[in-house]
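Below: one structure, written as structure tokens.
Rule-based calculations on the coordinates, nothing more; no lab input. Source: prediction; values computed, not measured. Cβ sites come from the backbone with ideal geometry, for glycine too, and all protein chains shown count toward neighbours.
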Amino acid sequence: MNFLEERILKDGVVKEGNVLKVDSFLNHQMDIELFDQMGEEFKRRFEGKNINKILTIEASGIGIACVVARHFGVPVVFAKKSKSINIDGDMYIAEVESFTHKTKNQVIVSKKFLNEDDHVLLIDDFLANGCALQGMISIVEQAGGTVEGIGIAIEKGFQIGGQVIRNLGYHLESLAIVDGMNAEDGSVEFRVYDEDK
């Protein structure tokens, strides 16, 4: 069991409807030491990849992406969920559906910050149905850039997102893959994977 799985068991809360609340350390209150361990692990897992930018979606992925970016020594770009008056010029746009919020949003990235020379690592806190990742992949493709890899904190392995993204041929690394949860007793079952990865 790795450090993130241990933290989920210690502080995560399972709710009805396959909801795993990790807001005490991941996506509301943020444990920066934990994020630093995650950054170190993503750096190890994507060693040798030519990464010059990290892309995430607001808001929950930003904190993780920023700490991961320190390990790679690269900037973070985040896709915004609505057009604001301070984004000028041309934009890449993708539509994404949120599993958590049950909403569809257009996400946008200014063309100034992503182009064909970029080798991008996508970072996000959760992977459920894969819509957010497909939106980010679409934005990198529109820019003519290359998706070098995808780093996820927690993947819900019982939903289709991980399989869909892996079937598309992307190098996807999830630090914790949840294969089952039980709201009645609060238990979480993790995927067992090869420790030598």
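Pairwise Cα distances in region 44-86 exceed 15 Å in 46 percent of cases. I'd like the trypsin sites (Lys or Arg not before Pro) in region 97-160 restricted to DSSP loop residues with at most 16 other Cβ atoms within 10 Å, sorted by number. The qualifying sites are 102. Computed from phi, the 3J(HN,Hα) profile of region 156-172 under the Karplus parametrisation 6.51, -1.76, 1.60 (θ = phi - 60°) reads 8, x, 8, 10, 7, x, x, 5, 4, 5, 5, 5, 7, x, 7, 7, 10 Hz, with x in place of Gly and Pro. Going down the table (21/111; 43/81; 112/156; 15/104), which pairs top 31 Å between alpha carbons? Where the Cα-Cα span goes over 31 Å, the pairs concerned are 21/111; 112/156. Simple spin-label estimate for residue 115 and residue 90 gives 1.1 nm between the two label positions (7 Å along the Cα-to-Cβ direction from each Cα).
Assuming 0.36 nm per residue, please report the length gained on full extension of the stretch residue 185 to residue 44 beyond their Cα-Cα distance. Show your work: numbers first, answer last.
Values: separation 141, 0.36 × 141 = 50.76 nm, distance 3.47 nm.
Value of the extension gain: 47.3 nm.
Can you work out the FRET efficiency for the pair residue 104 and residue 18, with r the C-beta to C-beta distance and R0 = 30 Å, to the nearest 0.05? Display every interim value, and only then the final one.
On the way: r = 20 Å, r/R0 = 0.66.
Efficiency at R0 = 30 Å is approximately 0.90.
Ranking 77, 186, 37 by how far each Cα lies toward the positive end of the dipole of the chain (charges on Cβ) leaves 77 at the top. Taken about its Cα centre, region 1-139 carries a charge dipole of roughly 240 debye when the Cβ of each Lys and Arg holds +1 and the Cβ of each Asp and Glu holds -1. The largest-to-smallest principal axis extents of the Cα set in the chain are 51, 37, 32 Å. Using alpha carbons only, the radius of gyration of region 1-97 set against its Kirkwood radius gives Rg/Rh = 1.02. Applying a DSSP loop filter and a limit of 12 other Cβ atoms within 10 Å to the trypsin sites (Lys or Arg not before Pro) in region 1-38 leaves nothing.
Given region 1-124, what percent of its DSSP beta bridges are antiparallel, to the nearest 5?
Numbers: 12 of 19 bridges.
Of those bridges, close to 65 percent are antiparallel.
Counting only Cβ charges, +1 for Lys and Arg and -1 for Asp and Glu, the dipole size of region 100-197 around its Cα centre is about 560 debye. 3J(HN,Hα) along region 103-114: 10, 10, 10, 8, 10, 10, 9, 5, 5, 5, 10, 8 Hz, from the Karplus curve 6.51 cos²θ - 1.76 cosθ + 1.60 with θ = phi - 60°, whole Hz, x for Gly and Pro.
Along the chain, the longest continuous region that contains none of the GluC sites (Glu not before Pro) in a DSSP loop with at most 14 other C-beta atoms within 10 Å is 117-183.
In the chain, the longest principal axis of the Cα atoms and the axis of helix 131-143 are about 20 degrees apart.
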